[in-house]
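A short worksheet on the structure shown next.
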Amino acid sequence: MDLTLLLIQLLNGVQYGLLLFLIASGLTIVFGIMGVINLAHGSFYMVGAYLAWSLTAWTGSIFWALLLGVPLAAMLGLLVERLFIVHLYNRDHLQQVLLTFGLILIFNEMQSIIWGDDPHSVPKPDFLQFSIPLTEVQSYPAYNLFLAAVCLVLAGVMYWVVQKTRLGMRIRAGSSNPEMIQALGINTKVLFATVFSIGTTMAALAGLLAAPERSVYPGIGEQVLIISFVVVVIGGIGSIKGAFVGAMMIGLMDSLGATILRAFDDVELMSGLSVDNLTSVTVYALMAAILLWRPAGLYGRAH
Amino acid sequence: MSTRKTYSRRGALGLMGAAAGVGTLAGFTPTKFAIGQQAKVRVGTLLPYSGTYARLGEAITNAMQMRFAQSKEMIGSREIELIKLDSEAAPPKATENTSKLINSEKVDFLVGPVHSGVAMAMAKIAREEGVMTIIPNAGADQITGPLCAPNIFRSSFSNWQPGYPMGRVLGAEGKKRVVLCYWNYGAGQQSAQGFKDGFAESGGEIIKEIGVPFPEVEFQSVLSEIASLKPDAVYTFFAGGGAVKFVKDWAAAGLKDSGIELTGSGFLTEGVTEAQGAAAEGLRTTLHYADTLDNDVNNVFRRNYKEMWGSEADVYAVQGYDAAEMIRVALEATDGDTGAKDDMIKAIENTVYDSPRGPFKLSAAHNPVQNFYLRKVVNGVNEVQSIAVEALSDPAKGCRLG
Amino acid sequence: MTVVPRWPALLLLAAVAIGLALVPVFGETYAIKVATRMIVFAIFAMSLDLLLGYTGLVSFGHAAFFGLAAYTLQIYSPEYEAVNIALALPVVIGVTAFVGALIGALVVRTSGIYFIMVTLAFAQMMFYFFHDSQIAGGSDGAYIWVKPVLAVGETILIDFEDRATLLWFALGLMLAVYGLLIMLLRSPFGQVIQGIKVNEHRMRALGYDTYRYKLVSYVISAAVASLAGFVYACIDGYISPELLGWKESGIGLAMVILGGMGTLFGPIVGAVAFIGVEELARERELVGFLADHFQIIMGCFVIAVVLMLRNGLAGSLGGAPRAKPDPVETEVPGGEKP
């Protein structure tokens, strides 16, 4: 492996990691503040992607789709919170897992009924249609860089909101000590509804933004679901900083790690199992290793 | 012909009743089915009617219904009745669903599925029960290889088949360094093996095999690796959403103009060129069919299909159509006597006919012997360039039939 | 805390068992297979209940042991002849328990949500291990060509090729598991793990090495799950990596909750009812076009169970024993180390 490839893989990993961060950050705040495991988080990513497709077709531009899609997703999040999630506060994790597992089944079938089962592509905006040459063979799509930049900006905004604003203060108080916010007389009902809506909107926003790059097809929600849980758990539940670090680790694992494993594709560990068969396993092995080292994730607080 | 969309709920209801100790044991009376000349021939379809592959299941079913309707709804003095069951494209459910059709619905013919894992599960039970079975899509090589059986037929292809001709084509064109890139699961591995077998004689070299975990679609790092290897060509196996994304990512990474040719099994550009847009232009793939295939049978078939269903026929519709044709041949040979299995099997084995895909017959292992076409995407349509390999038969390693 | 089942529970259990036992007498092949599957998942759900309801560990990767057992049987079975159950069953249990001990030694160190996630991670690892490699057929799955038999010398006592035999064997296994688990829970060991569920800190303060107790409970649970996987693999002789997937684990959880967690017989009822509902949800006569989207029905069903049946069917059917502590009973009986 030469240095150029190494650098490009680094870039690929960071870019994928940034997208994962955007998805996982919503999950981690819902986790951290409300104590709710939302397995249906990936479904909101899926809804975002499909909204990008149908709204872009309708309005002609991904930017209009973003403008309309984000409030729609926020309302959907609010609706789900009011109808279902509200019953889960103070219930144990098991019931949260189950109820949101049920939601996944419903979301998937609704997608099939509303949008059909064909794969679709979402056009990129005209001014981002070009690619930037990296080597004489490969170039980098401008939209991917745009996507990475947007994710970075959003990460910055999130940092600012959490550290500097009143809402952020409540969020921080809530994730470190849920009883505290009640004692302070903050209306948890409103706070929880807001947080859940924000969390799911982030997933939908990731879906909206990623749709032109990743296309839209059935099952995309579940593809990001488990991996974003891995990110959240590695980073430590409730920690946005942790989600960022976790997302970067998974992103790099996916690009650099896989390239390295594939370099050993002729090494057989046992009959029928060669080293490059282990690419999928490594992500989970990393997560398990980190949890065994730090049972509450990298930046999580042990409870 | 009537399409009864239901199946008995006696079994399930009775079971619940009994299990709850209620004792509605009447529910367990076996569904007696007289094989009389008046009774309808029961054809069970185990196809995906929901989820990712639902479109394929629909096309196959539509074409079957069309073929049966063309036979004036009566074949060998008996009417046909379709019993549809959603395969959910999930192997753990497949054995159960197959049992439901065979043991509970007592179907005379079983048609399905789309997914290779489901096909493996289905074939296991179909072998044990000896039910006439036609696979209208799933390509798992094993089913017409070591697991072949007298009562199991395929109207589609083996995964090996669409790979082999592309290997031959690139070999003949003198491509020296080729990279294989595919979803690392059964279908992808077997497709890649087909390519390797076709490419082997040319003296070219496979410089790298990149297996992407199925169904991951994060391709950036794979593309970077391919770019750094600078091969003459790449052979790929991706389908559906993965095919859309790979082709678009390939173009966006600038590889389309790099001199590295992207090729694949036909599924890379089948039914997804609209979503791929300009990125798909010029891609060459090999498959046993193309929408633009210009022969009389295909032209008539496509016109009729459009008239009946309002949408364009595709390769899956052709496979469903030929599955129905096999059933028709079998019933005609025995005048509708579904008990005469040996005669039905012989009739299907001896079929030589003009399918919309061109000349069609079955190998000793019951897999189609068919032409493979080299296709190129022009204006969003897979246009036939030439016949890449004529009357290609699967090697059927390990099959003891015939 | 009582673990002695009360009369209504025993009556219901007897009714379910007799109903299932009679299926081969009156039902056709498909009904027998569905009934056997109900029994398989009843055993699986009981193994989960030992963790969820009695040890307080929510495993989201338990299907990995179910699937591992099925694969172990497949790999251990010779291709062209029947494997002897007397050999295969101990091997399957042994391998699964061994892997369970390896994984358990690591995962039991975590708790709460992290336990859920780390069990999921290990299950995913095992899923991809079988899915991405060619060890046993990869993604296409693998066959057990000849079903196991129980033979002494040349005499075949039990042949799983016969579906009724398999069902009755499974039913016997299920009842045996139920009895053994009740004995286990009434033993000093069982009292300790239930104490851990209620308050782990107190148990530790009382001098119990809670890690070891939880680990043993985890291994026993994996071993019980392996029985379910063993029988499952014998129903049709086809196994696929999806058996180890997180959706199967989720379905297991749903069955336990549906039946009533911490009741042991509840999960049996839950498994039977869940599979029953699934069968009904696919009936076009019953649900119309939703039969093509029957997962919507299953989704609504699961949500309704969580929201409305907090104690599960067993709790609602009256008088079922609950693992929920009465204030008086949280003390560990005897208060001394066993």
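Every read-out reported here was derived from the displayed coordinates using simple, explicitly stated rules and does not represent laboratory data. Please read all numbers here as calculations on a predicted model, not as lab measurements. Positions of Cβ are backbone-derived with ideal geometry, glycine not excepted, and every protein chain shown enters the neighbour counts.
Charges on Cβ only, +1 for Lys and Arg, -1 for Asp and Glu, centred on the Cα centroid of the protein assembly as shown; of B:Gly44, B:Phe199, A:Met110, which one is farthest towards the dipole's positive end?
A:Met110
For chain B, what is the per residue volume of the convex hull drawn over the alpha-carbon atoms, in cubic angstrom?
Expressed per residue, the convex hull around the Cα atoms of chain B is 136 Å³.
Test of the criteria: in the stretch B:197-283, which trypsin sites (Lys or Arg not before Pro) are in a DSSP loop and have at most 12 other Cβ atoms within 10 angstrom of their Cβ?
none
Under 4.7 Å Cβ to Cβ, no partner at all: give me those cysteines from chain B, in residue order.
That list is B:Cys181.
Compute the signed sum of charges (Lys and Arg +1, Asp and Glu -1) over the other residues within less than 10 Å, Cβ to Cβ, of B:Asn371.
Its environment carries a net charge of 0.
Give me the inter-chain shielding for B:252-259: mean count of other chain Cβ atoms within 10 Å, whole number please.
6
Can you compute the FRET efficiency between C:Ala176 and C:Asn199 using 1/(1 + (r/R0)^6), with r the Cβ-Cβ distance and R0 = 45 Å? Round to the nearest 0.05.
Values: r = 32 Å, r/R0 = 0.70.
Result of the calculation: an efficiency of 0.90.
Per residue of the stretch A:144-153, in order, report the coupling 6.51 cos²θ - 1.76 cosθ + 1.60 (Karplus, θ = phi - 60°) as ³J(HN,Hα) in whole Hz, putting x for Gly and Pro.
4, 5, 4, 4, 4, 5, 4, 4, 5, 4
Evaluate peptide B:96-107: per residue, the Cβ atoms of other protein chains within 10 Å of its Cβ; return the mean as an integer.
Taking all residues of B:96-107 together, the mean is 4.
Please list, short to long, the whole-number percent of alpha-carbon pairs of the stretch C:7-333 in consecutive 10 angstrom bins beginning at zero.
6, 26, 35, 24, 8, 1, 0
Along Cα→Cβ, 7 Å out, is where each label goes; now give me the distance between the ones at B:Ala69 and A:Ile114 in nm to one decimal.
With each label placed 7 Å out from Cα toward Cβ, I get 3.2 nm.
Where a ≥ b ≥ c are the square roots of the eigenvalues of the C-alpha gyration tensor, would you call the stretch A:210-303 rounded, which needs a/c under 1.5, or, failing that, prolate if a/b is larger than b/c, or oblate?
oblate
Pick out which of C:Ile93, C:Ile144, C:Ile135 has the largest mean-square fluctuation in a Gaussian network model of chain C, springs linking Cα atoms closer than 10 Å.
C:Ile135
Given Cβ point charges of +1 (Lys, Arg) and -1 (Asp, Glu) and nothing else, what value in debye, to the nearest 20, does the dipole of the stretch A:3-293 about its Cα centre take? Before the final figure, lay out each step's value.
Values: 11 positive and 15 negative charges, 264 e Å.
That gives a dipole near 1260 debye.
List residues of the stretch B:119-156, by number, whose backbone nitrogen lies under 17 Å from a label position 7 Å along Cα→C-beta of B:Asp343.
Under 17 Å, as judged by backbone N against the label point of B:Asp343, lie B:132 of the stretch B:119-156.
Can you pull the mean other chain C-beta count within 10 Å for peptide C:286-295?
On the way: counts 4, 0, 1, 2, 2, 8, 12, 12, 5, 12.
Mean partner shielding for this stretch: 6.
Per DSSP H run of at least 4 residues, take -39500 (n - 2.57); add these up for chain C, divide by its residues and hand me the 222 nm value, nearest 500 deg cm²/dmol.
That calculation yields -21500 deg cm²/dmol at 222 nm.
Would you mind classifying the protein assembly as shown by shape? Square roots of the alpha carbon gyration tensor eigenvalues, ordered a ≥ b ≥ c; an a/c under 1.5 is rounded, otherwise it is prolate if a/b is larger than b/c and oblate if not.
oblate
Rounded to the nearest 0.05, what FRET efficiency is calculated for B:Asp257 and B:Ser311 with R0 set to 25 Å and r the Cβ-Cβ distance?
For B:Asp257 and B:Ser311, the calculated efficiency is 0.15.
Got a sec? Charge dipole of the protein assembly as shown, +1 on Cβ for Lys and Arg, -1 for Asp and Glu; which of C:Leu280, A:Thr135, A:Leu67 is way out at the positive end?
A:Leu67
For B:Ala388, what residues show an amide H to amide H distance below 5 Å, using hydrogens built from the backbone and excluding near sequence neighbours?
Those qualifying (amide H under 5 Å, at least 5 residues apart or on another chain) are B:Phe372, B:Tyr373, B:Leu374.
Using only the Cα atoms of chain A, each taken as one equal point scatterer with no solvent, compute I(q) by the Debye sum, divide by I(0), and report log10 of the ratio at q = 0.14 Å⁻¹.
-1.11
In nm, give the distance between the simple-model label positions of C:Trp145 and A:Leu292, each being 7 Å from the Cα along the Cα-to-Cβ direction.
3.9 nm
At most 12 other Cβ atoms within 10 Å and a DSSP loop assignment: could you name the GluC sites (Glu not before Pro) in the stretch C:138-243 that fit? Please list the in-between numbers first.
Values: sites: C:Glu154, C:Glu161, C:Glu200, C:Glu242; in loops: C:Glu154, C:Glu161.
Answer in residue order: C:Glu154.
Would you mind working out the magnitude of the charge dipole of the stretch B:169-222 relative to its Cα centre, with +1 at each Lys and Arg C-beta and -1 at each Asp and Glu C-beta, to the nearest 20 Debye? Mind dumping the intermediate values first?
Numbers: 5 positive and 7 negative charges, 32 e Å.
It comes to approximately 160 debye.
Along the charge dipole of chain C, pointing to its positive end and built from +1/-1 on Cβ of Lys, Arg, Asp and Glu, which listed residue (C:Ala170, C:Val34, C:Gly104) has its Cα farthest out?
Result: C:Gly104.
Please find the FRET efficiency linking C:Glu285 to C:Leu10, where r is the Cβ-Cβ separation and R0 is fixed at 41 Å, and quote it to the nearest 0.05.
According to the calculation, E is roughly 0.70.
Please list, in chain and number order, the residues 5+ apart from C:Leu150 or on another chain whose amide H is under 5 Å from its amide H, with Hs placed from the backbone.
Amide H to amide H, under 5 Å and 5 or more residues apart or across chains, C:Leu150 pairs with C:Ile85, C:Leu157, C:Ile158, C:Asp159, C:Phe160.
Would you grab the residues whose amide H sits under 5 Å from the one on B:Val369? Only those 5+ places off in sequence or on another chain, please, with H modelled 1.01 Å from N.
B:Lys361, B:Leu362, B:Ser363
Dipole of chain B, Cα-centred, from +1 at each Lys and Arg C-beta and -1 at each Asp and Glu C-beta, to the nearest 20 debye?
For this selection, approximately 760 debye.
Pick out, in residue order, every one of the chymotrypsin sites (Phe, Trp or Tyr not before Pro) in the stretch A:29-104 that is DSSP loop and has at most 14 other C-beta atoms within 10 Å; say none if there are none.
A:Tyr89
Provide A:Ile23, C:Ile39 in ascending order of the number of other Cβ atoms located within 10 Å of each residue's Cβ, fewest first.
A:Ile23, C:Ile39
Among B:Ala140, B:Ala330, B:Ala54, which one shows the highest mean-square fluctuation when chain B is modelled as a Gaussian network with alpha-carbon springs under 10 Å?
Largest GNM mean-square fluctuation: B:Ala54.
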